[in-house]
Amino acid sequence: MEETPAVRSVNVQLQHGPFHRELLRMTDRQTSAESKSSDSSKPNSVNKLPPGDVRQKALEEELKGLVDVVGPGPLVDLLLERAFQLKATDIHLDPTDRGLLVRLRVDGLLHNVLELPPNVTSHVISRIKLLANMDITERRLSQDGHISNAVLQHQRDIRVGSGPTIHGERLVLRLMPDNREYVELGELGFDEGQIKILQRCIEKPYGMILSVGPVGSGKSTTMYSCLQKLSDPTKSLVTIEDPVERRMENVNQIQVDPKIDFGFVEALRGVLRQDPNVMMVGEIRDPETAHIACRAGLTGVVVLSTLHANDTAATIDVFREFGIPPMFIADSLQGIISQRLLRKVCRECAEDIKLDDKHIRMLQLSDEEVDKCQLKSGKGCGVCFGTGYAGRTGVFEIMEMDSEIREAVLHGRSHDQMMALAQTKGMESLEEAARQRVIQGVTDMQEMHRVLTTFPT
């Protein structure tokens, strides 16, 4: 974007005016006891500005003239720039009866940032739809679009989705990961023991490795890291995705397109005729995809994929519900990773928490753990935008398939029986992994309870 005097003026205002100050303050209400015990404790909670906030009014007055001065393009560019700086994963543009509410998802939580006035709304929506090659005249139907990094002159692609609401058209922008970023398994949160287990699973000459969990739990990132581990110029690596989230060298990446009847099933069938060694399937969503992936894992292909399931044993239940024979499940699976993401205590404002009887009871601490426990809590600072948290880490449970677990699958053992068997063989549960992160001071008890609700309170 050309640095004209007008653009420079707006940039200064957005960096030092009410917009930037609101970004710095947008989550400080999380530090209050009230917000900690109410909506902000929920996975998709929103931190709201109080009605009539003077900063909001000042911000709206400032923005009213921006489009007239520099047009909607620079305003959109500056909003995107701020979102990237905050490491947001999504931008929500929600129409209201007062204008357009801008919200950012940072570390898994949505935060109200500002409300654009009505005279700006249509310009901003149209500008983004044009960049995403969407029909700006169609406001009654949902649309999907894509803004490439070539358009924005950086290494981040953006997926755009639109849809009608009673107040007008809303947009959600998914900010895709930097194509240059590769995250080692240890950086994701796997401990040394888990990395060794996962390494054994992915080094097998065939079979499926699945990453399971809810939306936004980091499954795709884990699969990309596993795929990078398998990268080898002597092998044929193929991905089937919807859409391609991260471009990789020496990997044939295929994007499905349901509009032309080219879905996961069609892509899988085609790829299996093209001599693959390793396949990454973006997501197993239906019985037919599951059946083909299982068969691929039995015929000499390493298959990486994701699935929506609550834990490792629940994955086997999902496959049973898909109608896959127990023998196929037992023989094709090599390992299942269940995961969640926890916000980390901000290192800049972390404070030591004195251990008391309540902590010991809630964390079920042994005498040895009491001695080494390092409870931390962030008080909030400029680095973490007042939240007390900065960044996220994964917690994982890994079920490595061996002869006993395969036998249990063949005999139709229940979910609880499968979990108990895996834990007797050394599998660390999600709850235990999260508990250890609290003991180590990586995260705190509030975050543990927000993400995993199975602990006593």
- Task: Collect residues whose amide H, placed 1.01 Å from N in the peptide plane, falls under 5 Å from the amide H of Leu109; neighbours closer than 5 in sequence don't count.
- Result: none
- Task: List every residue whose amide H lies under 5 Å from the amide H of Thr96, counting only residues 5 or more places away in sequence or on a different chain, with H placed 1.01 Å from N in the peptide plane.
- Result: Leu101
- Message: I need the shape label for the range 291-408. Rule: rounded when a/c is under 1.5, else prolate if a/b > b/c, else oblate, with a, b, c from the alpha carbon gyration tensor.
- Response: prolate
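In what sequence do Asp402, Asp331 fall when counting other Cβ within 10 Å, fewest first?
Values: Asp402 10, Asp331 18.
Fewest-to-most Cβ neighbours within 10 Å comes out as Asp402, Asp331.
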- Treating only Lys and Arg (+1) and Asp and Glu (-1) as charged, each at its beta carbon, one finds that the range 185-451 has a dipole about its Cα centre, in Debye to the nearest 20, of 440 debye
- Alpha-carbon centroid distance for the pair the range 195-233 / the range 341-394, whole angstrom: 29 Å
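If you keep only loop residues by DSSP, which trypsin sites (Lys or Arg not before Pro) in the range 94-166 have at most 14 other Cβ atoms within 10 Å of their Cβ? Walk me through the numbers on the way to the answer.
Numbers: sites: Arg98, Arg103, Arg105, Arg127, Lys129, Arg139, Arg140, Arg156, Arg159; in loops: Arg98, Arg139, Arg140, Arg156.
Those satisfying the criteria are Arg98, Arg140.
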- Describe numerically, in nm with one decimal, the distance between label points set 7 Å from Cα along Cα→Cβ at Arg406 and at Asn119. 7.1 nm
- In the structure shown, of Lys129/Lys235; Lys229/Lys344; Lys196/Lys354; Lys87/Lys259; Lys196/Lys219; Lys196/Lys379, the pairs separated by more than 30 angstrom at the C-alpha atoms are Lys129/Lys235; Lys196/Lys354; Lys87/Lys259; Lys196/Lys379
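When DSSP assigns beta bridges and you keep just the ones with both residues in the range 226-287, what percent turn out antiparallel, to the nearest 5?
Of those bridges, close to 10 percent are antiparallel.
If R0 is 56 Å, what FRET efficiency do you get for Asp257 and Met362 from their C-beta distance, rounded to 0.05? Intermediate results must be reported in sequence, preceding the final value.
On the way: r = 49 Å, r/R0 = 0.88.
Efficiency computed from Cβ-Cβ geometry: 0.70.
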- Query: Counting DSSP beta bridges in the range 185-451, what percent are antiparallel, to the nearest 5?
  - Reply: 40 percent
- Query: What list of ³J(HN,Hα) values in whole Hz, one per residue of the range 103-117 in order, does the Karplus curve 6.51 cos²θ - 1.76 cosθ + 1.60 (θ = phi - 60°) give from phi, with Gly and Pro shown as x?
  - Reply: 10, 10, 9, 10, 6, x, 10, 7, 10, 5, 10, 6, 10, 6, x
- Using DSSP to define loop residues, name the trypsin sites (Lys or Arg not before Pro) in the range 273-326 whose beta-carbon has at most 11 other beta-carbon atoms within 10 Å. Arg273
- Message: Can you work out the Karplus-derived ³J(HN,Hα) for every residue in the range 398-408? Use 6.51 cos²θ - 1.76 cosθ + 1.60 with θ = phi - 60°, whole Hz, and x for glycine or proline.
- Response: 10, 9, 8, 6, 10, 4, 5, 5, 4, 5, 5
- Enumerate the calculated ³J(HN,Hα) couplings along the range 282-299 in order (Karplus 6.51 cos²θ - 1.76 cosθ + 1.60, θ = phi - 60°), each rounded to whole Hz, writing x wherever the residue is Gly or Pro. x, 7, 8, 10, 8, x, 5, 4, 4, 4, 5, 5, 4, 5, 4, x, 8, 10
- Relative contact order [Cα under 8 Å, 6+ residues apart], the range 185-451, whole percent: 22 percent
- Message: Shape verdict for the range 192-322, please, from the Cα gyration tensor: rounded (a/c under 1.5), prolate (a/b greater than b/c) or oblate.
- Response: rounded
- Say R0 is 51 Å: what FRET efficiency, to the nearest 0.05, do Leu141 and Met327 get from their beta-carbon distance? 0.65
- Low-density loop cleavage sites - GluC sites (Glu not before Pro) in the range 163-208, where at most 11 other Cβ are within 10 Å (DSSP): Glu181, Glu184, Glu203
- Task: Pull out a ≥ b ≥ c, the square roots of the eigenvalues of the alpha-carbon gyration tensor of the range 185-451, then state rounded if a/c is under 1.5, prolate if not and a/b is larger than b/c, and oblate in the remaining case.
- Result: prolate
- What residues qualify as long-range amide H neighbours of Arg170, i.e. H under 5 Å apart, gap of 5 or more or another chain, H built at 1.01 Å from N? Gly163, Thr165
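We did not get these values from a lab; they are worked out from the coordinates using the rules stated. Note that the structure is predicted; figures quoted are calculated from it, not measured. For neighbour counting, all protein chains shown are included, and Cβ atoms are generated from backbone atoms with ideal geometry for every residue, glycine included.
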